[in-house]
Amino acid sequence: MQLYSTNNSDLRVSFKEAVFDSLPADKGLYMPALIPQLDSYFIRNLPQYSLHDIAFFVATALIGDDIPEADLRRIVSDAINFEAPIRPLDSGLAVLELFHGPSLAFKDFGARFMSRVMAFLSAGDDRVLDVLVATSGDTGGAVALGFLGVPGTRVTILYPKGKVSPVQELQLTTHGQNIRAIEIDGTFDDCQALVKEAFNDQTLKSAFRLTSANSINIARLIPQTFYYFYAYAQLLVQGMEEVVFSVPSGNFGNIGAGLLAHKMGLPVRRFIAATNVNDTVPRFLETGRFEPRPSVQTLANAMDVGNPSNWVRIMDLFGYDNALVKQAVTAFTFTDADTRRAIQTIFDRYHYVACPHTAIAWLSAEAYRRQYPGSYATVFLSTAHPCKFPDMFAPEIAARITIPDQVKLLAGRNKEITALGNDFSAFKSYLLANS
């Protein structure tokens with residue numbers, strides 16, 4: 001697999017280089033030099049395959065011989081050891097549940113796959129691999145569990161002070177071992193900027209073997225394509241061949257993976273970017289101007305991103321042609337008040353409990369269905385287990401939430417936190433002093 005930078009299409013690096021470098025020196029993002037077209041027979045016959053089979057086939061098509069087939073099959077089998085079921089709610093509407101992994105969020109697909117890929121590619125290298133990750137909620141917990149106890153790795157998680165839920169904070173701060181958490185006095189965008197700056201700092205690059213576990217890393221993006229193909233397989237079983245996906249969108253890695261799957265041959269009618277009031281992309285699709293703003297804290301905290309890094313990948317997929325992007329992507333934005341009402345409506349109508357991010361995806365799906373009626377299937381993505389947001393629900397809804405055992409175990413653990421400001425010099429000093 002060869003990759004180039006979104007800032008330099010002539011650049012070529014190997015899959016291993018892209019995984020460990022995370023970011024090109026020119027501050028672009030890595031993209032596949034060739035997007036493989038999957039066989040139409042495979043697409044038509046997706047229902048014959050398991051999630052593991054689909055994941056292995058798609059991963060092999062993208063990664064090629066950079067990882068031997070037997071090793072890649074083992075990585076996929078070990079990483080994706082949970083399901084991603086579609087649950088129909090009414091005629092033409094279904095929810096894709098992506099929270100059945102160990103950290104109870106869709107990020108488990110990317111984090112677990114990436115950690116095992118990195119461990120395989122690091123074989124024979126005795127240097128510690130320092131993994132830096134910024135999180136607005138769920139990424140950090142998934143990465144922590146994905147890398148917990150992996151030999152030769154050290155994970156540093158940056159999260160914004162007061163802007164993650166209590167359960168999410170426990171998932172970030174209570175593991176110890178090779179996982180450490182830094183509470184940044186700022187926003188997710190500040191955390192993300194610190195991680196990006198670290199990769200471009202020559203002193204840190206010389207002192208450490210740095211890599212990123214954010215969705216800027218291509219090894220996070222690849223496994224997120226798996227569940228789009230698997231969702232389509234489940235729809236075909238139900239006799240549905242035309243689909244619209246509504247995707248909760250913050251840093252735009254999730255929907256970016258869906259669009260990559262689409263470019264590989266997955267037939268999708270439309271992708272809906274469902275956002276909260278951090279509406280940089282909806283404004284871009286309306287005006288043609290990409291104007292990031294400081295992120296605003298909302299109930300859907302994992303989507304509180306004012307400058308989504310992965311949008312450049314989406315633009316790159318479509319040759320930076322705004323008209324082509326608009327043909328594939330529609331966007332809607334909703335407030336916290338909208339989100340609260342949606343949670344109640346979903347429960348009243350379907351007896352289904354949706355987290356805030358999932359509720360915004362449902363709102364966007366409903367808005368699209370009203371605007372473009374038809375016989376297609378609409379699937380909205382449920383990206384996090386509702387137990388992560390206990391303060392969000394009325395008593396009657398909260399009573400319907402089953403608390404998973406892994407959350408119950410977190411309650412008795414002590415948090416280990418380092419508090420820092422949002423200036424890079426302090427973060428750099430911390431890394432150098434705690435090597």
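The values are calculated or read from the model by the stated rules, or taken from the named source; none is laboratory data. Here the structure is a predicted model, which means the values were calculated and not measured. Because the Cβ atoms are built from the backbone with ideal geometry, glycine has one as well, and the counts that use them run over all protein chains shown. Calculation scope for accessible area: heavy atoms of the full protein, side chains included, ligands and nucleic acids excluded. Shrake-Rupley method; radii C 1.70, N 1.55, O 1.52, S 1.80 Å.
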Within the range 316-356, list the residues whose amide N lies under 19 Å from a label point set 7 Å along Cα→Cβ of residue 400.
338-356
For residue 375 and residue 351 in the same chain, what is the full-extension length gain: residue separation times 0.36 nm, less their Cα-Cα distance, in nm?
6.2 nm
Classify the range 161-233: rounded, prolate or oblate, from the alpha-carbon gyration tensor (a ≥ b ≥ c, eigenvalue square roots; a/c under 1.5 rounded; otherwise prolate if a/b is larger than b/c)?
oblate
Would you work out which of 41, 114, 3 lies farthest towards the positive end of the dipole of the range 1-157? Charges go on Cβ: Lys and Arg +1, Asp and Glu -1.
114
If I stretch the segment between residue 207 and residue 367 completely, what's the gain in nm (0.36 nm per residue apart, minus their alpha carbon distance), one decimal?
52.5 nm
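Quick one: grab the alpha carbon gyration tensor of the range 234-304, order the square roots of its eigenvalues as a ≥ b ≥ c, and give me rounded if a/c is under 1.5, else prolate or oblate depending on whether a/b is larger than b/c.
Note, shape of the range 234-304 comes out prolate.
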Cα centre as origin, Lys/Arg/Asp/Glu Cβ charges: the chain dipole, Debye
280
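Quick one: grab the alpha carbon gyration tensor of the chain, order the square roots of its eigenvalues as a ≥ b ≥ c, and give me rounded if a/c is under 1.5, else prolate or oblate depending on whether a/b is larger than b/c.
rounded
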So, counting K/R as plus one and D/E as minus one, what does the shell of residues with Cβ under 12 Å around residue 82 add up to?
-3
The range 86-178 - accessible surface per residue (Å², probe 1.4 Å):
28
Checking 23, 11, 62 against a Gaussian network model of the chain (alpha-carbon springs below 10 Å), the top fluctuating residue turns out to be 11
What residue among 371, 406, 171 shows peak mean-square fluctuation when the chain is described by a Gaussian network model with Cα springs under 10 Å?
371
Two-site label geometry, residue 185 and residue 127: point separation in nm, points 7 Å out along Cα→Cβ:
3.4
Dipole of the range 69-189, Cα-centred, from +1 at each Lys and Arg C-beta and -1 at each Asp and Glu C-beta, to the nearest 20 debye?
140
Treating the beta-carbon of each Lys and Arg as +1 and of each Asp and Glu as -1, no other charges, what is the dipole magnitude of the range 289-435 about its Cα centre, to the nearest 20 debye?
140
Using a 1.4 Å probe, how large is the accessible area of residue 240, given in Å² and rounded to the nearest 10?
60
Report, in order of residue number, the helices in the chain meeting two criteria: a C-alpha extent of 18 Å or more along the helix axis, and a mean Kyte-Doolittle hydropathy of at least 0.0; treat each whole DSSP H run as one helix.
107-121
Radius 11 Å from Cβ of residue 382, net charge of other residues (Lys, Arg +1; Asp, Glu -1):
0
Which of 153, 345, 173 fluctuates most in a GNM of the chain (C-alpha springs under 10 Å)? That residue is 345
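Where the accessible area of the chain is counted over protein heavy atoms with a 1.4 Å probe, how much of it, in %, is carbon and sulfur?
49
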Extended-chain gain in nm, criterion 0.36 nm per residue less alpha-carbon gap, residue 289 and residue 326
12.0 nm
